[in-house]
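Notes follow the structure.
The values are calculated or read from the model by the stated rules, or taken from the named source; none is laboratory data. Just so it is clear, the structure is predicted and the values come from calculations on it, not from any experiment. When we count neighbours, we look across all protein chains shown, and the Cβ atoms used for this are built from the backbone with ideal geometry, even at glycine.
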Amino acid sequence: MIQLIQNLGKSTRVSFTKLGRASYFLIQIIFGITSVLVRPRLLLNQLYSVGVLSFLIITISGLFVGMVLGLQGYYTLSDFGAEETLGVMVAASLVRELGPVVSALLFAGRAGSALTAEIGLMKATEQLSGMEMMAVDPVKRIITPRFLAGLISMPLLAGLFSAVGIIGGEMIGSGLLGVDEGAFWAQMQAGIDFYDDIINGVIKSVVFGFIASWIALFEGYDAIPTSEGVSRATTRTVVNSAFSILGLDFILTALMFGDN
Amino acid sequence: MAFCNINDNRLTYLRVVVQNSPFRIDKQLKLRMVNSVSSQNNLVSVRNLTFSRGSKKIFDDISLDFQRGKITAIMGPSGTGKTTLLKLIGGQLFPERGSIFVDGQNVHQLRRSDLYDLRKRLGMLFQSGALLTDMTVFDNVAFPLREHTHLPESMIRTLVLMKLQAVGLRGARDLMPNELSGGMSRRVALARAIALDPMMILYDEPFTGQDPISMGALVHLIKSLNTILGLTSIIVSHDVHETSVIADYIYVISEGKIVGQGTPAEIQQSDSEWVQQFMTGAADGPVHFHYPAKEYVDDLLSSGKRY
């Protein structure tokens, strides 16, 4: 029993220390932003590897998620004879929920794990330490550009996901199942509000981009510099990002759509 | 012959930077010129340093001096914290007690920006080379120049080629670090360490894992760089023979204490049993071959319970 309490205390202390380190790390990142703005080249390179290279996975997943929504939505709605509202259903679920959440999960798996592994290996091979000895701050030179790239790419990727998803839904809905195309788009236009739906979705994806990049970079930076340490850190990145994204999604949804 | 180039190159570097005043003259360049006339004899002095990892005392109240313009070696068996000492000198780790002065400045009381200014004047050669793996050899050597100077690209090219020429790898400029052998990557790292013309280079186990030819090349390089560029070098190593050839002064460290010090000749003549064992590489002596354990027979006959 005593052992249990001791262990509980120990693990609490460990996780709070880690949270402290992560917060300090975030502050360092934020202070580094000005030095990145002076050298946009660093940011552009990272936007390519974090954002552009995630393009394919996001597009294909978006297309399939949209197609599945089209099918499922049609079968449910046709029971009530409300097939025409398929457009609203597909668009609302994508823009409010699935776009930001699924693309953030994919982003954490595709780009987040890569970031953790990259930073962790740089640490293991003393590249970060070497940079410090060359009087180059690794947080400014390596971490901050990657963080900003994640923050910028995430909403764009989520938007892409939703857009492709809506096309997928339309392909299935009006192409295959015969929902009237005019009704599909008109209902969507009428049913989706710019501020309530689209802007809230964008806010979500910015928050998810922030949290996923932060976790990925911190886990890499904090990794034990061995091959096992890096592999564990990569796993933690994916798991922790998924939890934080889903948990935050609940909180954000409750805050944003709670009134209606 | 190759090394004369470095000297010219350093002069050219200064001359060009000074002549073309639109390019900002770097603070460290001015500082370096001030250094060279400063008359203080010890570039680095370590005073009453104590440092522990967990419960293990790595250094226990030791004091060391590193003379300007000399090659000083720190030797000792693996795990005595030799690399830790270099990280302490570079300000990457903080001591528990004691202080370290580099060029008259207390490293651990400097503000962050001053510490970074100091580090620009130090080169460090990591055991692994620590090259940035996403860049070519050329870009690796150019890295400190691009980060810290505002020199035009054409001049950076000239400087990088000169540094690479000095380590004999001008032809390897377009290779990626994963295409280099261990000896080559260490030489590239050395070229990078001298890119900013530092006042001192810290070598972390420069000879470990080198074949005889690259070892010979490195020994020669370290010595010539030191004399020609007027550097101060600190070598951390357990390669007794190679280090004794080039070092001017040697400290032998074991279990947090200095067990012997002196010129290589004095160390060879040392009457300390420990130093003798280390220098000759005898398997048993004051340092035992066996890690502390209970009696061998008892251990074999015991129940084998996990502990």
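For A:V179, state whether it is assigned to a loop (DSSP other than H, G, I, E, B), of a type outside the set (D, E, K, R), more than 14 Å from chain B (Cβ to nearest Cβ) and over 15 Å from the mean Cα position of the chain (by Cα). Yes: the conditions hold for A:V179.
For the range B:207-276, the helices (runs of 4 or more DSSP H) that sit wholly inside it and include 1 or more residues that are in contact (Cβ under 8 Å) with a residue 60 or more places away in the chain are B:212-229, B:240-246. From the list B:V160, B:V167, the lone residue that is surrounded by 17 or more Cβ atoms within 10 Å (Cβ to Cβ), over 19 Å from A:M131 (Cβ atoms) and more than 14 Å from chain A (Cβ to nearest Cβ) is B:V167.
Is it the case that B:D103 is under 23 Å from B:L229 (Cβ atoms), of a type in the set (D, E) and within 14 Å of chain A (Cβ to nearest Cβ)? Taking the combined requirement at face value, the residue does not satisfy it.
Looking at the range A:38-55 only, could you name the residues that are within 15 Å of B:E147 (Cα to Cα) and either in contact with a Phe, Trp or Tyr (Cβ under 6 Å, 6 or more places away or on another chain) or assigned to a helix (DSSP H, G or I) (or both)?
Selection gives A:V38, A:P40, A:R41, A:L42.
Would it be correct to say that B:M135 is within 12 Å of another protein chain (Cβ to nearest Cβ), among the aliphatic types (A, V, I, L, M) and under 22 Å from B:R47 (Cα atoms)?
no
Restricting attention to the range B:106-126, the residues that are assigned to a helix (DSSP H, G or I) and within 13 Å of chain A (Cβ to nearest Cβ) total 10.
I'd like to verify a number: residues in the range A:82-128 that are assigned to a helix (DSSP H, G or I), over 14 Å from A:T234 (Cα atoms) and within 14 Å of another protein chain (Cβ to nearest Cβ), how many? Matching residues across the range A:82-128 total 2. Among all residues of the range B:75-84, there is at least one that is touching a residue at least 40 places away in the same chain (Cβ under 8 Å), closer than 14 Å to B:L202 by Cα and away from chain A (no Cβ under 14 Å).
Take B:D61 and decide whether it is modelled with pLDDT under 90 and touching a helix residue (DSSP H, G or I) at 6+ places or on another chain (Cβ under 7 Å). It is false that B:D61 is modelled with pLDDT under 90 and touching a helix residue (DSSP H, G or I) at 6+ places or on another chain (Cβ under 7 Å). Of note, A:I172 does not satisfy the criterion of being assigned to a helix (DSSP H, G or I) and within 17 Å of A:A158 (Cβ to Cβ). Applying the condition of being in contact (Cβ under 8 Å) with a residue 24 or more places away in the chain and within 14 Å of another protein chain (Cβ to nearest Cβ) to the range A:129-167 and asking which residue is surrounded by the fewest Cβ atoms within 10 Å (Cβ to Cβ) yields A:D137. B:G129 passes every criterion in (1) closer than 21 Å to B:D239 by Cα; (2) in contact with an Asp or Glu (Cβ under 8 Å, 6 or more places away or on another chain); (3) within 10 Å of another protein chain (Cβ to nearest Cβ) apart from (2).
Within the set A:I199, A:I203, the sole residue that is without any contact (Cβ under 8 Å) to a residue 40 or more places away in the chain and either in contact with a Leu (Cβ under 8 Å, 6 or more places away or on another chain) or closer than 24 Å to A:F55 by Cα (or both) turns out to be A:I199. Take the range B:90-100 and flag every residue that is more than 10 Å from chain A (Cβ to nearest Cβ) and in contact with a helix residue (DSSP H, G or I) (Cβ under 7 Å, 6 or more places away or on another chain). Once the filter is applied, which keeps residues that are more than 10 Å from chain A (Cβ to nearest Cβ) and in contact with a helix residue (DSSP H, G or I) (Cβ under 7 Å, 6 or more places away or on another chain), the range B:90-100 yields B:L93, B:F94, B:P95, B:S99, B:I100.
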